[in-house]
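Note sheet for the following structure.
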Amino acid sequence: MVSRDQTVEDNLQDLASVDKVIHEPARLSIVAHLYVVESADALFLLRQTGLTWGNLSSHMSKLEAAGYIEVDKEFVGRKPHTMLRLTRKGRTAFEDYRSRMKHLFDDIRGGKPT
Amino acid sequence: MAENMSLDRMERRAWRLYFQDGVMDMFLGLIWLGLGLVSLVETGTDVIRFMGYVLALVPAYAVFVLGKRYITTPRLGMVRFGARRKSRTFRATLALAASVVFGFVVMFLVIAKVIVLASDAQIPAVAFGANVIILFGAMAYFLDFNRLYAYGPLFASSILIVEVTRGLLGTTFNVLIGFGVPGAIVVLIGAVYLVRFVRAYPLPRGDGSSGV
């Protein structure tokens with residue numbers, strides 16, 4: 001039988017090990033939107049997330065540095081265009097994050113208030 | 001499960017946003033309007049009439065291609081949806097192709113007199129109407145574009161209007177009214193959506209032209 005203190009401690013450890021890159025709300029929104037599509041450009045993400053260009057650019061740089069998104073340069077007609085997609089590492093990280101958070105909140109829901 | 005549903009909702013909201021520009025509505029309405037206007041070309045051979053039908057499609061395609069390129073994409077950005085959407089879009093295309101083939105086969109069989117119609121029979125009108133309703137229903141379902149459910153019966157009413165108004169308006173204006181009025185209604189709906197879309201999504205300011 002696992003004690004309530006042990007469960008709380010496990011939860012706190014889970015919380016501490018949550019991926020901080022994805023956990024930030026703006027980045028979570030970016031990753032979630034890229035998760036449900038194949039690829040998208042920055043304007044699409046701007047519209048969907050409601051971020052400013054500056055914020056979006058900053059968060060995308062962090063996600064790119066973490067290896068979670070990759071940038072595809074391509075031409076649409078004669079104009080260069082940048083498309084963004086989640087990498088396999090990014091997809092796995094997002095799935096892992098969802099799983100951890102779900103597990104964490106399921107445990108909290110199961111506990112009783114003191 | 002709830003999380004999946006939430007992600008599905010997010011994807012669906014993004015997908016449906018691309019139909020809020022009214023461009024698809026105007027495209028479909030202009031095709032119907034064009035079919036009505038071609039009835040005014042009464043002179044000439046069948047080839048000339050056929051060319052008229054082809055030319056009637058040009059404004060519709062122009063509005064669609066130019067509208068998506070110069071109005072929608074600069075405002076919403078570009079996105080490639082996942083395999084599930086691609087599969088559903090492919091099925092919608094198949095439904096459209098099947099409908100066109102069905103239409104041509106029926107037309108060919110009637111011309112070749114394989115199907116012999118009684119003088120007062122309304123079989124072509126019923127077949128046309130059923131074909132249009134089934135087609136638009138299938139496309140609405142596969143494309144997740146609910147307005148098409150309403151456009152199906154509206155467009156299907158064309159032949160009914162043509163038949164009902166034949167005696168009253170003659171064989172030119174009944175076609176013009178039968179196809180033109182539903183077409184004009186849908187173009188108008190599309191135009192209203194377009195205006196709302198342009199107001200809701202102005203061109204972005206800042207470094208948005210090439211992605212990051």
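We did not get these values from a lab; they are worked out from the coordinates using the rules stated. Just so we're clear, the structure is a prediction, and the values are computed from it rather than from any experiment. Reconstructed Cβ throughout: ideal geometry from the backbone, glycine too, with neighbour counts over all protein chains shown.
Structure above, values below:
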| item | result |
| --- | --- |
| Along principal axes, Cα extents of segment B:13-80, largest first, whole Å | 47, 16, 16 |
| Max mean-square fluctuation residue, GNM over chain B, Cα-Cα springs under 10 Å, options B:Ala150, B:Ala56, B:Ala138 | B:Ala150 |
| Over the protein assembly as shown: helical MRE at 222 nm, DSSP H runs n ≥ 4 each giving -39500 (n - 2.57), nearest 500 | -24000 deg cm²/dmol |
| In sequence order, calculated HN-Hα J values of segment A:36-47 (Karplus, 6.51, -1.76, 1.60; Hz; x Gly/Pro) | 8, 10, 7, 7, 7, 9, 5, 5, 4, 5, 4, 5 |
| Fraction of the pair-distance distribution of the protein assembly as shown above 31 Å, Cα-Cα pairs, percent | 49 percent |
| Top of B:Gly103, B:Gly22, B:Gly82 by mean-square fluctuation, Gaussian network on chain B, Cα under 10 Å | B:Gly82 |
| Assigned charges on the beta-carbon of Lys, Arg, Asp, Glu; chain B dipole about Cα centre (debye) | 780 debye |
| Cut-off under 5 Å, modelled amide H: who pairs with A:His81 long-range | A:Glu74, A:Phe75, A:Val76 |
| Farthest toward positive dipole pole in segment B:88-200 [+1 Lys/Arg, -1 Asp/Glu at C-beta], among B:Leu94, B:Phe145, B:Ala200 | B:Ala200 |
| Alpha carbon convex hull of chain B, volume per residue in cubic angstrom | 158 Å³ |
| Charge dipole (debye, nearest 20) of the protein assembly as shown; +1 at Cβ of Lys and Arg, -1 at Cβ of Asp and Glu | 360 debye |
| Rh (Kirkwood; distinct C-alpha pairs) - segment A:57-105, Å | 12.3 Å |
| Built amide H within the under 5 Å cut-off of B:Phe81, gap 5+ | A:Glu38 |
| Rounded to whole Hz, the Karplus (6.51, -1.76, 1.60) HN-Hα couplings of segment B:139-147, x for glycine and proline | 5, 4, 5, 6, 8, 6, 10, 5, 4 |
| C-alpha center-to-center spacing [segment B:140-204, segment B:9-58] in angstrom | 10 Å |
| Charge dipole (chain B, unit charges on Cβ, about Cα centre) - positive-most of B:Val186, B:Met26, B:Ile71 | B:Ile71 |
| Under the Karplus curve 6.51 cos²θ - 1.76 cosθ + 1.60, θ = phi - 60°, whole-Hz ³J(HN,Hα) for segment A:19-27, x wherever Gly or Pro sits | 5, 5, 5, 7, 5, 5, x, 5, 5 |
